[in-house]
Every structure is written in C-alpha cells, then in structure tokens.
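Engineer: One structure coming up, written as structure tokens, with questions to follow.
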There are 2 protein chains.
Amino acid sequence: MELNADLQKYIGRRISEIRLKNNQTQQDIEFLTGIDSAEVSKYESGKRNLTLKTLMKFARALQVHPKELFDFEFDIKKYRVDE
Amino acid sequence: MELNADLQKYIGRRISEIRLKNNQTQQDIEFLTGIDSAEVSKYESGKRNLTLKTLMKFARALQVHPKELFDFEFDIKKYRVDE
C-alpha cells in the first residue's frame, strides 16, 4: 500500500466519474485545461503524478469543488506518515 | 483572485483548525511529519506552496481523510481554468 499511488488511483477514478456524469469527453477536458486527452486518460487511470495545480485544473474543468475529487472511501490510518 | 494562493490560504486554515481541535501543537505535527514547526506555521498561514504529498502528510498527522482539508466555502467558477 503506497499512499500516493493509491491516492492517484482514487482521485483519477473520481475525475472520470464526474466527467462522465457531466457528459464531458476527455477532449472536452483537453480543451478546457490544455492537458492532452491522452494524458487526461492516464490521470484518470491513476498513472500520472497529480500536483495540486493539476488537480485544480480538473476541478475547474469539471466545475466541482475540489473536495469532490477526494470523495472516496479512504482510511488514512492504514498509511504511515512518511510514505 | 489567484486560485492557488487562495487555495493555500483556505487549506492552511483547515490544517490549523483541525490541529487545534485535536489539541495538537505545531511541534506535534513536526514530530509526526518531519516538517519543521516554523514551516508548519507558514503552511497554516498559506505562505507555502502545498504539494499533494505534503497535503497527505498533514492529513495523516491530523488523522483525517484528505477531503477534510478541502472542507471550506469555495466557488470554483470564480476562477479561470488556466490560473
């Protein structure tokens, strides 16, 4: 269990869920953020290291409060602090 | 209005609120995260650029789900995507 890898996976899944709920395509997100749609796909599958800035670009493009991207089951106590 | 500067300020305030609610000192947070207490103070006053990794260190030290650190009023639509 690696904290950041897991986090990227969960946040990526939320980005994808919200995008689909909004009937937006990855190309729409590319247009709104400047992030190449192939990269959007990688972020959604948790394969890219997310920065807070990128996270905010997605929140803005998806028109949601950033806390929506963290709306998943997550037991922080499972992880050591310095992971 | 600059998206990241505002975000840092709001998240910093949440870190401070939760820390005080937990009766933790900045020194406690230093011990748990390895982040110098003077730096903890700077993060809390929004004067430091937060990365997702640092954010997770705080969440873990405060024993809260990371979405708690985003639990503030925030109208994402006020900001342009590329800010």
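Engineer: Exactly one of (1) closer than 22 Å to B:Phe72 by Cα; (2) more than 9 Å from chain B (Cβ to nearest Cβ) is unmet by A:Ser45. Its number?
Structural biologist: A:Ser45 satisfies every listed condition except (1).
Engineer: A further question on this structure: I need the full set of residues from the stretch A:8-24 which are out of contact with any Ser or Thr (no Cβ under 7 Å at 6 or more places or on another chain), closer than 22 Å to B:Pro66 by Cβ and touching a residue at least 24 places away in the same chain (Cβ under 8 Å), in order please. Explain how you work it out, then say what you get.
Structural biologist: Taking the stretch A:8-24 first, the residues out of contact with any Ser or Thr (no Cβ under 7 Å at 6 or more places or on another chain) are A:8-11, A:13-24.
Still in the running and closer than 22 Å to B:Pro66 by Cβ: A:8-11, A:13-19, A:21.
Within the stretch A:8-24, A:Gln8, A:Lys9, A:Tyr10, A:Ile11, A:Arg13, A:Arg14, A:Ile15, A:Ser16, A:Ile18, A:Arg19 qualify.
Engineer: Report the residue count in the stretch A:32-83 for those that are in contact (Cβ under 8 Å) with a residue 24 or more places away in the chain, more than 16 Å from A:Asn22 (Cβ to Cβ) and among the aliphatic types (A, V, I, L, M).
Structural biologist: Residues flagged as in contact (Cβ under 8 Å) with a residue 24 or more places away in the chain, more than 16 Å from A:Asn22 (Cβ to Cβ) and among the aliphatic types (A, V, I, L, M) within the stretch A:32-83 amount to 2.
Engineer: Against the condition assigned to a helix (DSSP H, G or I), within 13 Å of A:Gly12 (Cα to Cα), acidic (Asp, Glu) and facing another protein chain (nearest Cβ under 9 Å), how does A:Glu39 come out, does it pass? I'd like the intermediate steps shown before the answer.
Structural biologist: Values: assigned to a helix (DSSP H, G or I): yes; within 13 Å of A:Gly12 (Cα to Cα): yes; acidic (Asp, Glu): yes; facing another protein chain (nearest Cβ under 9 Å): no.
For A:Glu39, the condition - assigned to a helix (DSSP H, G or I), within 13 Å of A:Gly12 (Cα to Cα), acidic (Asp, Glu) and facing another protein chain (nearest Cβ under 9 Å) - is not met.
Engineer: Only one of (1) farther than 11 Å from A:Ile15 by Cα; (2) more than 7 Å from every other protein chain (Cβ to nearest Cβ); (3) out of contact with any Gly (no Cβ under 9 Å at 6 or more places or on another chain) is not met by A:Tyr79, so which one is it?
Structural biologist: For A:Tyr79, the exception is condition (2).
Engineer: Tell me, please, whether a residue that is modelled with pLDDT of 95 or more, touching a Lys or Arg at 6+ places or on another chain (Cβ under 7 Å), within 13 Å of chain A (Cβ to nearest Cβ) and crowded, with 17+ Cβ neighbours inside 10 Å can be found in the stretch B:5-28.
Structural biologist: No: the stretch B:5-28 contains no residue that is modelled with pLDDT of 95 or more, touching a Lys or Arg at 6+ places or on another chain (Cβ under 7 Å), within 13 Å of chain A (Cβ to nearest Cβ) and crowded, with 17+ Cβ neighbours inside 10 Å.
Engineer: Among the numbered conditions (1) more than 7 Å from chain B (Cβ to nearest Cβ); (2) closer than 28 Å to B:Glu73 by Cβ, tell me where A:Phe74 comes up short.
Structural biologist: The single condition A:Phe74 does not satisfy is (1).
Engineer: Oh, and also: Do we have any residue at all in the stretch A:25-45 that's closer than 16 Å to B:Pro66 by Cβ and not basic (Lys, Arg)?
Structural biologist: no
Engineer: What residue, of A:Leu32, A:Leu62, A:Leu55, is at the interface with chain B (Cβ under 8 Å from one of its Cβ atoms) and crowded, with 20+ Cβ neighbours inside 10 Å? I'd like the intermediate steps shown before the answer.
Structural biologist: Working: A:Leu32 fails: crowded, with 20+ Cβ neighbours inside 10 Å; A:Leu62 fails: at the interface with chain B (Cβ under 8 Å from one of its Cβ atoms).
None of the other options fit; the residue is A:Leu55.
The values are calculated or read from the model by the stated rules, or taken from the named source; none is laboratory data. Quantities reported herein were computed from a predicted structural model and do not represent experimental measurements. Every residue, glycine among them, receives a Cβ derived from its backbone with ideal geometry; neighbour counts consider all protein chains shown.
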